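Visitor: Take a look at this one; I'll ask things after.
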Amino acid sequence: MQLPTPFIEKYQRLLGEEAPAFFTALTDNQPVKGFRLNVAKPHAQAMLAKYGPAAVPAPYAEAAYIGEVKGRSLLHQAGYVYSQEPSAMIVATIAAAQPGERVLDLCAAPGGKTTQLASQLQGKGLLVANEIFPKRAKILSENVERWGFPNVVVTNQAPQELSRHFPQFFDKIVVDAPCSGEGMFRKDPVALEEWQADTPEQCAIRQKDILAQAVAMLKPGGQLIYSTCTFAPEENEAMMAWLMEEYPFAIEAIDLDNVSHGRSEWGEAPGIEKTIRLWPHLNQGEGHFAAKLTSQAEAAPVKKKKKGKGATAKSPLDAATQKLWQAFRKGFPFLQALNATPQLLGENLWLVPEEMPSLKGIKFMRPGLHVGVVKKNRIEPSYALALAIHAEEGAPIVPITLPQWQQYVAGETLSVSGNAGWVILTVDEIPVGFGKQVQGTVKNFFPKGLRFKAI
Ligand SMILES: C[S@@+](CC[C@H](N)C(=O)[O-])C[C@H]1O[C@@H](n2cnc3c(N)ncnc32)[C@H](O)[C@@H]1O
């Protein structure tokens with residue numbers, strides 16, 4: 001890999017004696033691959049041992065490992081693992097979302113931090129995962145669906161639009177900002193190709209806009225976690241210095257071993273040395289910066305939206321759908337324990353988390369858990385429901401083999417006997433999706449758009 005000359009000159013100046021080791025790590029060392037295990041899935045550790053690579057622990061997150069899990073594998077399809085390079089896992093670890101909190105992941109696609117935050121919430125509270133670009137928001141939504149937590153909403157808005165709906169709403173906001181990506185040079189050739197001497201400066205302008213919107217959505221006293229995957233001081237220490245000059249925040253200490261710290265000569269603000277940096281020549285993984293800040297703002301009056309005006313809990317199901325829903329939910333006892341409201345949008349039935357304000361005006365990919373599609377006299381259960389945590393409880397299960405799973409994800413009909421009607425197909429203990437059992441064959445309900453040739 002050839003580093004751009006202005007990049008070399010800049011970091012020679014900034015890093016001095018450390019620069020040669022930094023350049024060597026960037027150009028000579030291979031990127032490190034990792035993944036996280038979704039411990040809330042049935043028999044997660046045992047299934048990893050059976051179907052995954054050797055579990056070599058990774059730093060900075062729980063249930064995190066060094067190694068590679070392919071996208072077309074069983075564990076990935078069933079939402080048991082999320083592939084993520086190890087140092088990127090540090091951001092959600094720092095956020096440490098607590099069950100019951102309202103959390104926003106503002107720049108969320110493809111969903112590395114979102115899935116980790118969802119695991120931390122354990123299904124309690126609300127996680128809004130937002131992505132500005134529709135194609136990326138769709139991928140985010142698919143990853144959230146596989147991961148299986150019902151209390152995650154996926155929106156597709158510019159931060160400026162989103163902030164109108166959530167004034168002072170969230171306990172925690174993660175801003176994993178779009179950045180110049182210098183920390184990804186050895187993993188992502190596009191980041192290297194696109195880099196120019198003024199890229200950090202350009203990125204900083206956008207980061208300020210995004211941060212201003214994040215501030216508007218944070219509750220007074222709430223926490224903001226800011227991160228980038230770049231080394232550029234303009235986007236890191238200097239960005240935090242700007243933020244603290246504009247808004248009342250205090251930088252919090254981050255209690256983690258084996259990390260470097262932010263440098264006060266690159267951004268002057270009280271506590272800047274409490275921010276953290278991961279360097280490729282000092283740590284396992286790619287380059288990262290992260291800061292945790294607590295809002296010092298006084299609570300200001302927020303105009304409360306009138307209840308009953310939105311499209312969520314406030315618009316009840318019509319009588320016919322209500323009847324179908326009541327019958328349907330009996331088959332899935334875990335649905336009854338969810339703190340969520342059924343909402344019919346078009347022919348799709350969703351369970352919208354109770355904490356979610358009105359959906360009116362919000363562009364979303366997923367307003368909660370997709371229960372199914374309402375047809376004339378029935379509800380056809382969704383793929384998301386099969387992968388939702390504990391969906392297997394109470395629903396009829398039909399075990400299939402690994403070769404049958406390969407047929408299933410390719411869209412084929414399976415010859416398997418068992419209970420008639422809707423069944424959740426499982427490989428070992430792993431729920432993989434719905435099928436409909438009719439006289440010895442299982443009709444395939446794996447979503448058409450997701451079908452693939454498995455490895
Ligand atoms: C570093 S990536 C996020 C990675 C993600 N948090 C994860 O862990 O998988 C930054 C994201 O910000 C999005 N983005 C780009 N421009 C944006 C803008 N103006 N406002 C908000 N997000 C933006 C990008 O599309 C990208 O998905």
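Read-outs: derived from the displayed coordinates by stated rules, not from any lab. Please read all numbers here as calculations on a predicted model, not as lab measurements. Cβ coordinates were reconstructed from backbone atoms using ideal geometry, including for glycine residues, and neighbour counts include every protein chain displayed.
Visitor: Residues of region 1-29 being among the small types (Gly, Ala, Ser) and in contact (Cβ under 8 Å) with a residue 12 or more places away in the chain, which ones? Spell out the reasoning first.
Guide: Of the residues in region 1-29, the ones among the small types (Gly, Ala, Ser) are 16, 19, 21, 25.
Matches in region 1-29: 21, 25.
Visitor: Further, regarding this structure: Could you tell me which numbered condition residue 85 fails, if it satisfies all but one of (1) surrounded by 21 or more Cβ atoms within 10 Å (Cβ to Cβ); (2) more than 21 Å from the chain's Cα centre (by Cα)?
Guide: For residue 85, the failing item is (2).
Visitor: Within region 107-139, can you find the residues that are among the hydrophobic types (A, V, I, L, M, F, W, C), closer than 16 Å to residue 353 by Cβ and touching a Pro at 6+ places or on another chain (Cβ under 8 Å)?
Guide: 121, 126
Visitor: Taking region 9-22 as the search range and keeping residues that are surrounded by 14 or more Cβ atoms within 10 Å (Cβ to Cβ), more than 31 Å from the chain's Cα centre (by Cα) and not charged (D, E, K, R), which one is farthest from residue 266 (Cα to Cα)? Spell out how you get there, then give the answer.
Guide: Step one: list which residues in region 9-22 are surrounded by 14 or more Cβ atoms within 10 Å (Cβ to Cβ), which gives 10-12, 14-15, 18-19, 21-22.
With the extra rule that they be more than 31 Å from the chain's Cα centre (by Cα), the set shrinks to 10-12, 14-15, 18-19, 21.
With not charged (D, E, K, R) added as a condition, the list becomes 11-12, 14-15, 19, 21.
Values: 11: 12, 12: 14, 14: 9, 15: 11, 19: 16, 21: 20 Å.
That would be 21.
Visitor: Same structure again: How many of the residues making up region 386-436 are part of a loop (DSSP other than H, G, I, E, B) and hydroxyl-bearing (Ser, Thr, Tyr)? Reasoning before the result, please.
Guide: Here is the first cut: in region 386-436, the ones part of a loop (DSSP other than H, G, I, E, B) are 388-396, 401, 410-413, 416-420, 428-429.
Pick out the ones that are also hydroxyl-bearing (Ser, Thr, Tyr) and you get 401, 413, 417.
Here the count works out to 3.
Visitor: Would you mind finding the one in 61, 88 that is within 16 Å of the ligand (Cβ to nearest atom) and not in a helix (DSSP H, G or I)? Full working, then the answer.
Guide: On the way: 88 fails: not in a helix (DSSP H, G or I).
Exactly one of 61, 88 is within 16 Å of the ligand (Cβ to nearest atom) and not in a helix (DSSP H, G or I), namely 61.
Visitor: To continue, here is another question. Kindly indicate whether residue 433 is on the phi > 0 side of the Ramachandran plot, touching a residue at least 12 places away in the same chain (Cβ under 8 Å) and surrounded by fewer than 16 Cβ atoms within 10 Å (Cβ to Cβ).
Guide: Criteria not met by residue 433.
Visitor: Can you give me the ranges of the strands (runs of 3 or more DSSP E) entirely in region 114-197 with at least 1 residues that are within 15 Å of the ligand (Cβ to nearest atom) and within 21 Å of residue 288 (Cβ to Cβ)? Spell out the reasoning first.
Guide: Details: elements: 126-130, 152-155, 170-176.
The qualifying strands (runs of 3 or more DSSP E) are 126-130, 170-176.
Visitor: Hey, does region 103-112 have a residue that's hydrophobic (A, V, I, L, M, F, W, C), in a helix (DSSP H, G or I) and on the phi < 0 side of the Ramachandran plot?
Guide: Among the residues of region 103-112, not one is hydrophobic (A, V, I, L, M, F, W, C), in a helix (DSSP H, G or I) and on the phi < 0 side of the Ramachandran plot, which makes the answer no.
Visitor: Which members of region 337-391 meet the condition of being surrounded by fewer than 20 Cβ atoms within 10 Å (Cβ to Cβ) and among the small types (Gly, Ala, Ser)?
Guide: 337, 346, 358, 361
Visitor: Taking region 60-76, which residues are more than 27 Å from residue 125 (Cβ to Cβ) and in contact (Cβ under 8 Å) with a residue 60 or more places away in the chain? Let's see the steps before the verdict.
Guide: Start the filter on region 60-76 by keeping residues that are more than 27 Å from residue 125 (Cβ to Cβ), which leaves 66-74.
The answer is 66, 70, 72, 73, 74.
Visitor: Restricting region 198-233 to residues that are among the acidic types (Asp, Glu) and either closer than 30 Å to residue 29 by Cα or surrounded by 19 or more Cβ atoms within 10 Å (Cβ to Cβ) (or both), which is nearest to the ligand (Cβ to nearest atom)?
Guide: 201
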